[in-house]
Amino acid sequence: MIIASCPADSSELTFGGGIDKFTLMADAKINNESRQFVSFTFYKVDSEWKRLSEKEKQANGEEWTQTIKQVSDGVLLRSYSTLGMKADCDFMLWKIASNLESLNQLAIAIQKTALGKHLQTPYSYLAMTKRSTYVDQHQHEGQEGTRLTVVPGKAKYLFVYPFVKTKAWYQLSQEERQKAMNEHIETGHRYPSVKLHTTYSFGLDDQEFVVAFESDKPEDFLDLVMDLRSSKATGYTLKDTPVFTCIRQEISDILKSF
């Protein structure tokens, strides 16, 4: 699914908003010509951990953060709160890496921490970057779909959902699909405040795509999605739920919420 994007405003990627100084540089970590693996992992903290003393929770949180720092070399991380937005998950980690092993080792390390033993994973989506076949007629600086790397911006909100097209979509000719996507992309260009990251899951996970939209204006994202409902390409959507509304936040601040 391709809609539109604005140029990335920074190559600096931080764990949350930067308060913990967990900072990585995208250009230094990943070659722009290398495809990336992208993971969206949603966590739920169990009630037992929430009943621990503040001292115990603080110690667990510090161990968890330090563990991630030690094993996340080569992994770009962003943390988001979903508290109050989704009943069955509390926070999400957006992870970007050049290989599956880095994501695997990070997951193992998280699981072994004291906090990790109290975390459930109700949702997890795996995808890769890939150049789109539909954006040739719509290229501009920072155009989504032309890059092999994901470079998050600094928007406060992130909207994420898995996406599956119908089998009938793939039976259309390339010309027919291009025409439908041209309309889709032009609609997206009317919302420059919304930046799209499209990643591909064919054969890697149950969905075909995972789309993530960054914006400081939730109302613009809502209006964009409503406008796209009338597009021809949307008629070939089989599934585009569940939808997650996420607020960018330091993991240390997220854990203090419990």
Give the residue, chosen from Glu144, Glu214, that is modelled with pLDDT of 95 or more, in contact with a Leu (Cβ under 6 Å, 6 or more places away or on another chain) and either surrounded by fewer than 18 Cβ atoms within 10 Å (Cβ to Cβ) or not basic (Lys, Arg) (or both).
Glu214
The one condition Thr237 fails out of (1) more than 22 Å from Leu172 (Cα to Cα); (2) out of contact with any Phe, Trp or Tyr (no Cβ under 7 Å at 6 or more places or on another chain); (3) modelled with pLDDT of 95 or more is (1)
Could you tell me whether the stretch 47-57 includes any residue that is at pLDDT 95 or above, crowded, with 16+ Cβ neighbours inside 10 Å and out of contact with any strand residue (DSSP E or B) (no Cβ under 9 Å at 6 or more places or on another chain)?
yes
Can you run down the residue pairs with Cβ atoms below 7 Å, 6 or more apart or on separate chains, where the first is in the stretch 54-71 and over 15 Å from Lys117 (Cβ atoms) and in contact (Cβ under 8 Å) with a residue 12 or more places away in the chain and the partner is of a type in the set (S, T, N, Q) and part of a helix (DSSP H, G or I)?
Thr65/Ser252; Val71/Gln105
Just wondering, is there one or more residues in the stretch 223-236 that are within 30 Å of Thr67 (Cα to Cα) and outside any strand (DSSP E or B)?
no
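Yes or no: Thr198 surrounded by fewer than 21 Cβ atoms within 10 Å (Cβ to Cβ) and among the polar types (S, T, N, Q)?
Working: surrounded by fewer than 21 Cβ atoms within 10 Å (Cβ to Cβ): no; among the polar types (S, T, N, Q): yes.
In short, no.
Would it be correct to say that Thr187 is in contact with a helix residue (DSSP H, G or I) (Cβ under 7 Å, 6 or more places away or on another chain), over 24 Å from Tyr125 (Cβ atoms) and modelled with pLDDT under 95? Quick ask: steps written out before the conclusion?
Details: in contact with a helix residue (DSSP H, G or I) (Cβ under 7 Å, 6 or more places away or on another chain): yes; over 24 Å from Tyr125 (Cβ atoms): yes; modelled with pLDDT under 95: yes.
It is true that Thr187 is in contact with a helix residue (DSSP H, G or I) (Cβ under 7 Å, 6 or more places away or on another chain), over 24 Å from Tyr125 (Cβ atoms) and modelled with pLDDT under 95.
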Pair list, Cβ under 6 Å, 6 or more apart: the stretch 150-163 residue touching a residue at least 12 places away in the same chain (Cβ under 8 Å) and farther than 10 Å from Phe244 by Cα, other residue assigned to a strand (DSSP E or B) and of a type in the set (Phe, Trp, Tyr):
Phe163/Phe209
Quick check: is even one residue across the stretch 157-174 surrounded by fewer than 21 Cβ atoms within 10 Å (Cβ to Cβ), among the basic types (Lys, Arg) and at pLDDT 95 or above?
yes
Anything in the stretch 176-195 that is more than 17 Å from Thr237 (Cα to Cα) and either surrounded by fewer than 17 Cβ atoms within 10 Å (Cβ to Cβ) or of a type in the set (Asp, Glu) (or both)? List them, or say none.
Glu186, His189, Arg190, Pro192, Ser193
Restricting the stretch 225-247 to residues that are in contact (Cβ under 8 Å) with a residue 12 or more places away in the chain and closer than 22 Å to Tyr80 by Cα, the residue that is surrounded by the most Cβ atoms within 10 Å (Cβ to Cβ)
Cys246
Qualifying position, being more than 21 Å from Val160 (Cβ to Cβ), in a loop (DSSP other than H, G, I, E, B) and among the hydroxyl-bearing types (Ser, Thr, Tyr), among Ser34, Ser132:
Ser34
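The values are calculated or read from the model by the stated rules, or taken from the named source; none is laboratory data. Just so we're clear, the structure is a prediction, and the values are computed from it rather than from any experiment. In this analysis, Cβ positions are derived from the backbone assuming ideal geometry, glycine residues included, and neighbour counts consider all displayed protein chains.
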